[in-house]
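Q: The structure is given below, and queries will be raised subsequently.
The values are calculated or read from the model by the stated rules, or taken from the named source; none is laboratory data. Small disclaimer: the values here were computed from a predicted structure and weren't measured. Using ideal geometry, Cβ is built from the backbone for each residue, glycine included, and neighbour counts are taken over all protein chains shown. Surface accessibility is based on the protein's heavy atoms, side chains included, excluding ligands, DNA and RNA. Shrake-Rupley method; radii C 1.70, N 1.55, O 1.52, S 1.80 Å.
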2 protein chains.
Amino acid sequence: MTDALKIGIAGLGTVGAALFQILKSRHNLLADICGREIVITAVCARDRSRDRGLNLDGVVWFDDPVAMAREADIDVFVELIGGEGDPALASATAALTAGRHFVTANKAMLAQHGVQLAKLAEAHGVLLNFEAAVAGGIPVIKAMRESLTGNAVTRIYGIMNGTCNYILTRMEHENMGFAECLAEAQRLGYAEADPAFDIDGNDTAHKLSILTSLAFGTEIAADEVYIEGITNISIDDIHAADELGYRIKLLGVSQRTATGIEQRVHPTMVPKGSMIAQVEGVTNAVTIEADILGELMLSGPGAGGAATASAVLGDIADIAKSRPGHQHAPALGRPADKLEPYVKAQIQSHEGGYFISLKVDDRTGVFASIATLMASNEISLESIVQRARPAGADAGPQTVILVTHATTESKVRAAVDAIKREGYLAGDPQVIRIERTRDN
Amino acid sequence: MTDALKIGIAGLGTVGAALFQILKSRHNLLADICGREIVITAVCARDRSRDRGLNLDGVVWFDDPVAMAREADIDVFVELIGGEGDPALASATAALTAGRHFVTANKAMLAQHGVQLAKLAEAHGVLLNFEAAVAGGIPVIKAMRESLTGNAVTRIYGIMNGTCNYILTRMEHENMGFAECLAEAQRLGYAEADPAFDIDGNDTAHKLSILTSLAFGTEIAADEVYIEGITNISIDDIHAADELGYRIKLLGVSQRTATGIEQRVHPTMVPKGSMIAQVEGVTNAVTIEADILGELMLSGPGAGGAATASAVLGDIADIAKSRPGHQHAPALGRPADKLEPYVKAQIQSHEGGYFISLKVDDRTGVFASIATLMASNEISLESIVQRARPAGADAGPQTVILVTHATTESKVRAAVDAIKREGYLAGDPQVIRIERTRDN
């Protein structure tokens with residue numbers, strides 16, 4: 001049997017502790033499968049005194065992850081520290097430079113420094129694996145990096161943030177408002193005390209930028225993602241979507257267009273009959289459209305200690321099954337120096353259908369004015385609905401809902417701006433993009 | 001750059017021809033990704049004179065695949081001949097024995113001889129890859145063999161035959177009978193002229209037996225799968241399912257139970273709100289329930305030349321990225337000599353809910369008799385419905401539909417036999433198992 005594979009784990013939070021336990025309790029099974037033992041020789045965490053219920057006998061403790069990366073007797077550095085900068089980044093750089101394989105769940109770091117780390121891994125002939133960084137336990141990185149080799153991807157879209165999907169499905173099922181659902185999600189541990197990073201769409205954007213690189217063979221461009229969060233989605237929007245045959249999901253979408261690659265994260269109307277519309281609660285899902293394979297969808301747990309640990313374990317096992325010095329598995333699907341520059345398609349040139357909800361004063365001619373302004377901006381309408389007022393309310397603003405045929409973002413913005421100037425709007429317009437799926 | 005990887009393709013039907021074209025047209029992209037060229041040096045097919053539109057310049061033609069396996073200048077033998085026996089099996093044996101990697105889409109051969117071929121591959125230090133053999137373009141083999149390493153699988157279920165799923169979804173959507181939908185599927189090329197292998201469930205059973213081995217680390221036991229096809233499913237069953245909140249799918253299910261591992265293929269009622277119920281037409285889907293990861297679902301094209309070629313290409317690319325002489329990737333997830341014997345759970349001990357539809361003569365006391373016989377067999381009922389006769393039909397048999405709480409197959413069979421003996425049945429009873437899913 002080949003020599004044991006020696007692992008160092010940096011970060012002993014939920015994921016790190018779960019991984020530690022699994023590597024210990026399934027030691028023999030893993031050795032059978034991988035043809036060699038996997039042993040933890042080093043760990044690193046901030047607080048040495050905390051009791052994590054882990055048996056650390058025979059494991060060297062490091063207070064500093066960079067020191068562990070440089071000095072520990074390890075083949076693989078498992079980074080579960082998080083955060084885009086140091087100490088995670090310094091650890092990654094040190095570990096790869098020292099010729100150690102690097103396994104990480106750190107989407108923020110990869111979104112910002114993934115190409116640089118991939119180059120470092122390739123220069124030192126080691127593996128950089130990060131299945132857990134996108135969509136938790138779902139093997140979407142492996143599918144894109146390996147299974148889809150040779151395919152040209154045309155579009156990738158997914159639900160990649162469990163917090164947002166939990167809130168949106170609860171709003172729909174329980175007829176609850178956004179704030180109430182967010183509070184519930186926080187109580188249940190599905191949302192952070194400071195939920196901004198999730199609900200503003202930034203977490204999804206990080207993950208999407210990594211998938212975009214794998215999908216299109218381009219450099220990672222996390223700062224070029226168009227982002228809208230879900231904080232403006234009201235229960236009224238969800239009801240209106242339902243009536244029109246849609247559900248609202250926070251999607252990350254990446255797509256090749258004539259002018260470049262679109263990367264966008266925003267609340268999206270998806271047809272109720274599509275698979276992605278069925279994805280509920282904290283579950284994540286990613287759909288990949290590729291020219292040879294067709295359409296592939298993967299769904300599963302996007303977060304949680306065990307699911308994330310499972311993805312990290314798969315990455316470690318891939319390394320254990322490989323043999324040192326004979327790697328060719330470029331981290332981003334192709335060698336980092338063959339990645340093309342990212343060419344951005346501006347959101348203004350986005351083409352698609354739109355849902356537009358307008359609160360208007362109840363005046364003669366408003367309906368006609370709206371219809372005229374849409375037409376003068378070359379927007380053709382699939383439907384226009386003036387919603388009945390709630391019973392008992394026989395005065396005050398009314399809601400007009402428009403669903404457009406495929407048009408462009410710039411035309412929609414021009415039309416909405418023109419409508420605003422007419423002075424009959426009784427509140428901010430709501431504009432939600434509609435995403436067509438192939439499966440409905 | 002490492003030496004080129006030399007490929008021989010045996011079988012130039014739809015998949016083989018598609019693969020040939022892709023390897024040629026994406027040669028440079030594949031070389032970039034894999035760090036070496038992939039070149040086709042040999043092909044083999046029955047009829048040399050047929051024009052397949054392929055440029056065979058520089059490719060050695062073999063009439064005999066076994067000769068190609070032995071003599072051709074190839075690193076990888078791609079078997080697209082099909083059939084469980086020779087010449088596919090003889091080719092596999094010859095290729096592996098000659099130290100060539102072996103890529104196949106041949107589920108029938110793997111279902112019967114997979115363990116033996118895995119042992120041969122391991123003995124000769126080469127890879128046996130077969131992503132295309134189960135669920136076409138869906139990377140379920142890779143997910144189970146690699147991503148889920150270390151997980152204990154508890155259940156796996158899926159729609160693995162596009163022909164059956166096409167027929168069942170058409171019956172539901174178009175309110176058409178089975179025979180009519182089958183004829184349509186044949187016209188559209190979704191069903192073979194002789195459709196028995198698909199509609200009787202044998203194709204699904206082959207695929208399930210391979211997944212069972214990967215899921216539970218047991219030897220492949222294709223002959224131990226309990227099989228029922230879809231030929232007895234009527235439009236009435238589909239309507240009744242719909243009213244009760246279910247859809248009927250031909251599922252393959254494999255599950256660890258107290259007495260062994262259940263492998264069964266049969267028409268199954270799945271809750272309408274579950275993801276698997278949304279899988280329509282020729283699309284396939286597989287759900288894996290695992291103890292660390294949780295629940296993972298993959299769906300996509302289960303057949304078709306391009307999708308199958310994409311899966312074969314992924315297998316070839318994995319070999320191209322690896323480096324000769326340094327493989328450790330057991331074909332069945334763990335070394336073949338570590339696979340446990342398959343211990344069969346008998347279908348009689350299957351536990352679950354049942355849908356039972358009985359055509360009964362319209363006599364006093366029938367309803368009471370049925371209820372009594374269910375109770376005396378310890379079967380508790382979730383619902384019992386006597387369906388109204390169609391308008392205008394005020395005589396003739398009536399339909400009684402029962403939905404049971406969880407019980408066992410043996411109790412249901414005993415109860416149905418007892419009911420038969422009462423003499424009031426006006427036709428064969430219909431019994432359909434209900435599968436609970438976690439996601440609804």
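Q: Could you work out how far the C-alpha centroid of region A:252-275 sits from that of region A:278-344, in angstrom?
A: With region A:252-275 and region A:278-344 each reduced to a Cα centre, they are spaced 19 Å.
Q: Ok, one more. Report the convex hull volume per residue for region A:350-434, counting only C-alpha atoms, in Å³.
A: Hull volume over Cα atoms, normalised by residue count, gives 83 Å³.
Q: Please turn the phi angles of region B:36-45 into ³J(HN,Hα) values with the Karplus equation 6.51 cos²θ - 1.76 cosθ + 1.60 (θ = phi - 60°), one per residue in order, whole Hz, x for glycine and proline.
A: 6, 6, 10, 10, 8, 10, 8, 9, 8, 7
Q: Also, quick follow-up: On the principal axes of its Cα set, how long, how wide and how thick is region A:141-301? Give whole Å, largest value first.
A: That works out to 46, 32, 29 Å along the principal axes.
Q: Taking each residue of A:26-37 in turn, how many C-beta atoms of other protein chains fall within 10 Å of its C-beta, and what is the average? Let's see the in-between values first.
A: Details: counts 5, 1, 0, 7, 3, 0, 7, 12, 7, 7, 1, 0.
Across A:26-37, the average partner-chain Cβ count within 10 Å equals 4.
Q: So, one more: Distance between the C-alpha centers of region A:139-197 and region B:142-191? Whole Å please.
A: The distance from the Cα centre of region A:139-197 to that of region B:142-191 comes to 28 Å.
Q: If I compute solvent accessible area with a 1.4 Å probe over the protein chains, what percent of it on region B:267-403 is carbon and sulfur? Let's see the in-between values first.
A: Values: 2620 of 5020 Å².
Carbon and sulfur together cover 52 percent of it.
Q: A follow-up question, please. At a 1.4 Å probe, which residues in region B:99-141 are at least 10 Å² less accessible with all protein chains present than in their chain isolated?
A: In region B:99-141, residues shielded by partner chains: B:GLY137, B:PRO139.
Q: Are there trypsin sites (Lys or Arg not before Pro) in region B:343-433 that DSSP marks as loop and that have at most 15 other Cβ atoms within 10 Å, and which are they?
A: Sites meeting the loop and neighbour criteria: B:ARG363.
Q: Order A:GLU192, A:GLU37 by their accessible area, 1.4 angstrom probe, all chains in place, largest first.
A: Order by accessible area, largest first: A:GLU192, A:GLU37.
Q: If you don't mind, there's one more thing I want to ask. Mind checking how much accessible area A and B bury in total, 1.4 Å probe, in Å² rounded to 100?
A: Roughly 4400 Å².
Q: Would you compute, for the Cα atoms of chain A, the largest minus smallest coordinate along each principal axis and list the three values in descending order, in whole Å?
A: 82, 45, 34
Q: Which of the lysines could be linked to B:LYS249 by a straight reach, that is with a Cα gap under 28 Å, when you skip same-chain ones fewer than 8 residues away?
A: Counting by Cα, and skipping residues close in sequence, B:LYS249 has these lysines nearby: A:LYS249, A:LYS272, B:LYS107, B:LYS142, B:LYS207, B:LYS272, B:LYS344, B:LYS359, B:LYS411, B:LYS420.
Q: Determine how large the accessible area of A:ILE156 is when every protein chain is in place; take a 1.4 Å probe and give Å² rounded to the nearest 10.
A: Its accessible surface works out to 0 Å², give or take rounding.
Q: 5 Å is the cut-off here: which amide hydrogens, built 1.01 Å from N in the peptide plane, fall below it relative to A:LEU5, excluding neighbours closer than 5 in sequence?
A: A:GLU37, A:ILE38, A:VAL39
Q: If each residue of separation counts as 0.36 nm, what is the full-extension length gain between A:ASP73 and A:ALA406 once their alpha-carbon separation is subtracted?
A: Numbers: separation 333, 0.36 × 333 = 119.88 nm, distance 5.83 nm.
Between A:ASP73 and A:ALA406, full extension yields 114.1 nm more.
Q: Once amide H atoms are placed 1.01 Å from N in the peptide plane, what residues at a sequence separation of 5 or more from B:ILE227, or on another chain, have their amide H within under 5 Å of its amide H?
A: Sorted by chain and number, the residues that satisfy this are B:VAL265.
Q: Which distance in nm do the two modelled labels at B:SER369 and A:LEU188 give, with both placed 7 Å along the Cα-to-Cβ direction?
A: 4.9 nm
Q: Counting partner chain Cβ atoms within 10 Å of every residue's Cβ in A:147-159, what's the average?
A: Numbers: counts 15, 7, 14, 16, 8, 2, 0, 0, 0, 0, 0, 0, 0.
Counting Cβ atoms of other protein chains within 10 Å of each residue's Cβ and averaging gives 5.
Q: State the answer as a single residue: which of B:GLY13, B:PHE102, B:VAL385 lies farthest towards the positive end of the charge dipole of chain B, with beta carbon charges of +1 for Lys and Arg and -1 for Asp and Glu, about the Cα centre.
A: Of the options given, the answer is B:PHE102.
Q: Report the gain in length on full extension from B:THR257 to B:ARG438: 0.36 nm times residue separation, minus Cα-Cα distance, nm rounded to one decimal.
A: 63.4 nm
Q: Rounded to the nearest percent, how much of the accessible area of region B:1-158 (1.4 Å probe, protein heavy atoms only) is carbon and sulfur? Walk me through the numbers before you get to the answer.
A: On the way: 2610 of 5580 Å².
On region B:1-158, the fraction of accessible area on carbon and sulfur atoms equals 47 percent.
Q: If contacts are Cα pairs under 8 angstrom and at least 6 residues apart, what is the relative contact order of region A:141-301 in percent?
A: That works out to 33 percent.
Q: Counting only C-alpha contacts under 8 Å and six or more residues apart, can you give the relative contact order of region A:170-239 as a whole percent?
A: It rounds to 39 percent for region A:170-239.
Q: For region A:398-418 and region A:77-134, compute the distance between their C-alpha centroids and round to whole Å.
A: Distance between centres, Cα-based: 43 Å.
Q: Give the long-range amide H neighbours of B:VAL60: residues separated by 5 or more places, or on another chain, with amide H under 5 Å away, using H modelled in the peptide plane at 1.01 Å from N.
A: B:ALA42, B:VAL43
Q: If you don't mind, there's one more thing I want to ask. Which log10 I(q)/I(0) values does region B:207-290 give at q = 0.17, 0.21, 0.25 Å⁻¹ under the Debye formula, counting every alpha carbon as one identical point scatterer?
A: With one equal scatterer per Cα and no solvent, log10 I(q)/I(0) is -0.78, -1.07, -1.27.
Q: Here is a follow-up. Specify the angular offset, from 0 to 90 degrees and rounded to the nearest 10, of the alpha carbon long axis of helix A:202-216 from the longest principal axis of the alpha carbons in chain A.
A: For A:202-216 against chain A, the angle is about 70 degrees.
Q: Short version: ³J(HN,Hα) in whole Hz for each residue of region B:115-123, in order, from phi by Karplus 6.51 cos²θ - 1.76 cosθ + 1.60 (θ = phi - 60°), x for Gly and Pro, what are they?
A: Those phi angles translate into 5, 4, 5, 4, 4, 4, 4, 5, 4 Hz.
Q: With every protein chain in place, what's the accessible area of B:ASP64 (1.4 Å probe, Å², nearest 10)?
A: 70 Å²
Q: How much accessible area per residue does the protein assembly as shown have, in Å², with a 1.4 Å probe?
A: Roughly 37 Å² per residue, with all protein chains present.
Q: Averaged over peptide B:275-281, how many Cβ atoms belonging to another chain are found within 10 Å of each residue's Cβ? Show your work: numbers first, answer last.
A: Values: counts 8, 1, 1, 8, 3, 4, 1.
The shielding value for this peptide is 4.
Q: Follow-up. What are the ³J(HN,Hα) couplings of region B:90-101, residue after residue, when phi is run through the Karplus curve with 6.51, -1.76, 1.60 and θ = phi - 60°? Round to Hz, x for glycine and proline.
A: Along region B:90-101, the couplings run 4, 5, 4, 4, 5, 5, 5, 4, 7, x, 9, 4 Hz.
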